[in-house]
Amino acid sequence: MKFEGKVIKYGDNVDTDVIIPARYLNTSDHSELAKHCMEDLDATFVTRVNKGDVMVAGYNFGCGSSREHAPIAIKASGISCVIAKTFARIFYRNAINIGLPIVESPECANDAEENDRLEIDLEKGFIINYNKGKTYRIEPFPEFIQKIIVAGGLMARTKKEALPTETD
Amino acid sequence: MPMTMTQKILAKAAGLDSVKPGQLVQAKVDMVLGNDITAPVAIHEFEKAGLEKVFHTEKIALVPDHFTPNKDIKSAEQVKRMREFARKMGIKHFFEVGQMGVEHALLPEQGLVVAGDVVIGADSHTCTYGALGAFSTGTGSTDMAAAMATGEVWLKIPEAIQFNLIGKPSEWVSGKDIILHIIGHIGVAGALYKSMEFTGDGLEFLSMDDRFTIANMAIEAGAKNGIFEVDEETIKYIQEHSCKTYEVFTADNDAEYLKEYTIDLSKLKPTVSFPHLPENTRTIDQVGEIPIHQVVIGSCTNGRMEDMRIAAKILAGRKVHRDVRCIVIPATQRIWKECMQEGLFDIFVDAGCAVSTPTCGPCLGGHMGVLAAGERAVSTTNRNFVGRMGHAKSEVYLASPAIAAASAITGKISSPDEVMK
Ligand code: SF4
């Protein structure tokens with residue numbers, strides 16, 4: 001998986017209530033959610049995001065609720081990948097489960113500035129920041145998680161394996 | 001390899017003799033939970049994958065609590081979808097309005113979770129059941145969908161941080177003050193990916209309601225789960241509420257903890273968390289003059305019977321300040337009924353409070369008390385993020401029911417001592 005796009009940058013502790021406020025959770029329509037993505041933190045986000053852009057943030061990205069609407073809204077808004085110093089754990093697994101690529105790279109998140117151009121190659125395991133002239137190595141996902149991603153998300157994998165039985 | 005409480009429960013659920021931190025396992029779940037926000041997404045994924053049967057009709061709980069009784073057409077459609085799915089799949093634990101409550105108060109009360117269980121819920125505060133000595137954690141809707149189909153979930157074995165609670169808390173220090181103190185100390189990512197394990201002699205002074213409140217907010221420190229050592233109090237609670245068989249897991253003496261904190265409960269003061277992060281805590285003597293417009297007493301954090309009793313004790317014979325709306329929401333039908341039988345509603349209504357049927361409502365800015373721009377609320381809930389309770393320019397201060405009730409009377413953030421003279 002390879003992406004290229006410009007950086008849209010935020011700080012630490014970006015929570016799920018600002019990614020998608022609860023007042024919009026009475027729907028799960030992806031394009032509807034995308035319209036309100038980041039609204040309470042940055043009302044200009046939806047007007048300036050372009051397909052392929054990369055969201056870059058600080059520590060504990062996606063903290064707060066378990067709403068999968070958060071990674072869904074980000075993905076549906078056109079963001080190709082989120083890079084952060086660290087991710088909150090439920091957001092991390094939700095992103096993997098729904099197929100929103102995420103990368104933990106404190107160095108890259110530190111250096112990147114608004115509108116920098118990034119190239120990300122998940123298979124080869126690197127990020128290039130063209131404006132800074134820097135390359136960062138990224139850790140590949142553990143094999144277990146790669147399998148979920150390769151299967152096309154958790155449900156695609158589950159579909160193959162599921163044999164529902166009533167047991168106790 | 002020595003293991004923590006959490007590691008032991010997960011090893012068993014994964015069918016392994018032992019596990020170590022960082023290991024990825026596929027674990028069997030004893031209960032899968034979803035609410036009216038997350039379950040519809042899970043149901044969509046479930047149906048899209050062409051699945052036709054759930055793994056177990058009695059190990060799934062569907063609780064419409066966030067926007068119920070439905071506040072608008074869209075939320076009514078969401079719950080309708082849940083209801084129809086529950087009927088079609090034969091899911092036993094679907095809680096209709098009239099039986100429902102806020103999910104994390106409801107499940108323990110209904111005896112659906114006991115010590116040793118593995119519970120995943122598509123709601124971040126699923127970590128509440130750690131109070132019972134269960135492993136429980138919040139996940140997303142896709143995890144819920146997969147678990148409804150297979151009865152399993154993928155999990156990474158967490159490292160643990162130990163909190164050794166000692167001493168007896170003073171009169172107005174409750175579970176809420178203890179957990180706010182801890183989050184203020186370690187920060188909102190202080191336990192990121194970790195389990196918080198609570199132990200120590202101080203547990204004997206903590207009621208089950210206190211423990212539920214503490215475990216509830218483990219997620220606010222970034223934790224995967226919070227878990228309490230099981231004692232007589234836990235066993236008593238389980239036996240009174242459930243007929244499920246439970247299993248008590250204790251940490252090995254030489255289990256490894258990433259960090260160990262000892263917290264002397266006798267030294268803690270009532271604590272308030274300032275906007276817009278739960279870690280922005282101040283003790284009540286450091287709060288200063290903060291006028292407020294609304295008080296909310298309820299939620300999965302503090303909507304239980306003890307919380308209602310303490311609020312009533314402070315509000316009895318007093319009046320809510322004329323600039324304040326005080327909204328009281330017992331978390332479940334059973335708690336509601338108990339409040340009624342104990343005469344607490346007389347106290348609340350005479351004081352000028354509005355009492356609501358169980359719902360999450362204002363906690364997430366859904367309905368039943370949404371804030372306008374510039375308004376401030378003292379709330380017994382668990383999150384004070386930007387816009388959490390309404391307008392992005394409103395503010396939420398997190399506190400115990402005692403502080404919330406006292407503040408409702410004075411119109412500013414106050415210690416119960418100020419009104420209980
Ligand atoms: S009461 Fe608040 S925190 Fe608890 S489940 Fe409901 S919305 Fe979530």
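FYI, it's all coordinate maths here, none of it is from the lab. Quick caveat, the model's predicted, so the values are computed rather than measured. Glycine also receives a Cβ, built like all others from the backbone with ideal geometry; neighbour counts cover every protein chain displayed.
Using the Cβ-Cβ distance between A:Asn115 and B:Glu77 with R0 set to 41 Å, the FRET efficiency works out to roughly 0.50.
Considering only alpha-carbon pairs that sit under 8 angstrom and 6 or more positions apart, the relative contact order computed for chain B is 17 percent.
For chain B, a crude dipole built from +1 on the beta carbon of Lys and Arg and -1 on the beta carbon of Asp and Glu, taken about the Cα centre, is about 1120 debye to the nearest 20. Straight-line reach from A:Lys132: which lysines have a Cα under 30 Å away, not including same-chain ones fewer than 8 places off? Reachable lysines: A:Lys2, A:Lys6, A:Lys9, A:Lys51, A:Lys75, A:Lys85, A:Lys124. Its residue count N fixes a reference of 2.2 N^0.38 Å for region B:99-202, and the Cα radius of gyration divided by that reference is 1.19. Only bridges whose two residues both fall in the protein assembly as shown count here: according to DSSP, what percent of them are antiparallel, nearest 5? Roughly 30 percent of the DSSP beta bridges within the protein assembly as shown come out antiparallel. Report the FRET efficiency, 1/(1 + (r/R0)^6), for B:Asp285 and B:Ile235, where r is their Cβ-Cβ distance and R0 is 45 Å, rounded to 0.05. So, using R0 = 45 Å, E works out to roughly 0.75. Charge dipole (Cα centre; +1 on Lys/Arg Cβ, -1 on Asp/Glu Cβ; no other charges) of region B:273-419 amounts to roughly 280 debye.
Computed over all pairs of different Cα atoms, the Kirkwood value for the hydrodynamic radius of region B:273-419 is 14.6 Å.
Please state, rounded to one decimal and in Å, the Kirkwood hydrodynamic radius that the protein assembly as shown gives when every pair of distinct Cα atoms enters the mean of 1/r. Taking the inverse mean of 1/r over all distinct Cα pairs, the protein assembly as shown comes out at 23.9 Å.
For B:Lys412, a cut-off of 16 angstrom between C-alpha atoms picks up these lysines, skipping any fewer than 8 places away in its own chain: B:Lys319. Calculated on C-alpha atoms, the gyration radius of region A:2-162 divided by its Kirkwood radius gives an Rg/Rh of 0.95. List the lysines whose Cα sits under 16 Å from the Cα of B:Lys53, skipping any in the same chain fewer than 8 residues away. By straight Cα distance, B:Lys53 reaches A:Lys159, A:Lys160, B:Lys88, B:Lys92. Among B:Met208, A:Met55, B:Met196, a tally of other beta-carbon atoms within 10 Å of each Cβ gives an order, fewest to most, of B:Met208, A:Met55, B:Met196. Translational diffusion of region B:5-264, estimated by Stokes-Einstein from the Kirkwood radius over alpha carbon pairs at 25 °C in a medium of 0.890 mPa s, is 132 µm² per second. Secondary structure note: in region B:273-419, about 20% of the DSSP beta bridges are antiparallel.
Between B:Ala354 and B:Lys20, the modelled labels are 5.7 nm apart [label points 7 Å from Cα along Cα→Cβ].
Net length available on complete extension from A:Ala43 to A:Glu139 is 31.3 nm, with 0.36 nm assigned per residue and the Cα-Cα distance removed. As a ratio to 2.2 N^0.38 Å, the alpha-carbon radius of gyration computed for region B:12-72 takes the value 1.50. Note: region B:227-308, Cα convex hull, 190 Å³ per residue. Each label was represented as a point 7 Å from its Cα along the Cα-to-Cβ direction; for B:Lys53 and B:Asp254 these points are 4.7 nm apart.
Short-range pairs are left out: with C-alpha atoms under 8 Å and at least six residues apart, the relative contact order of region B:267-403 is 31 percent.
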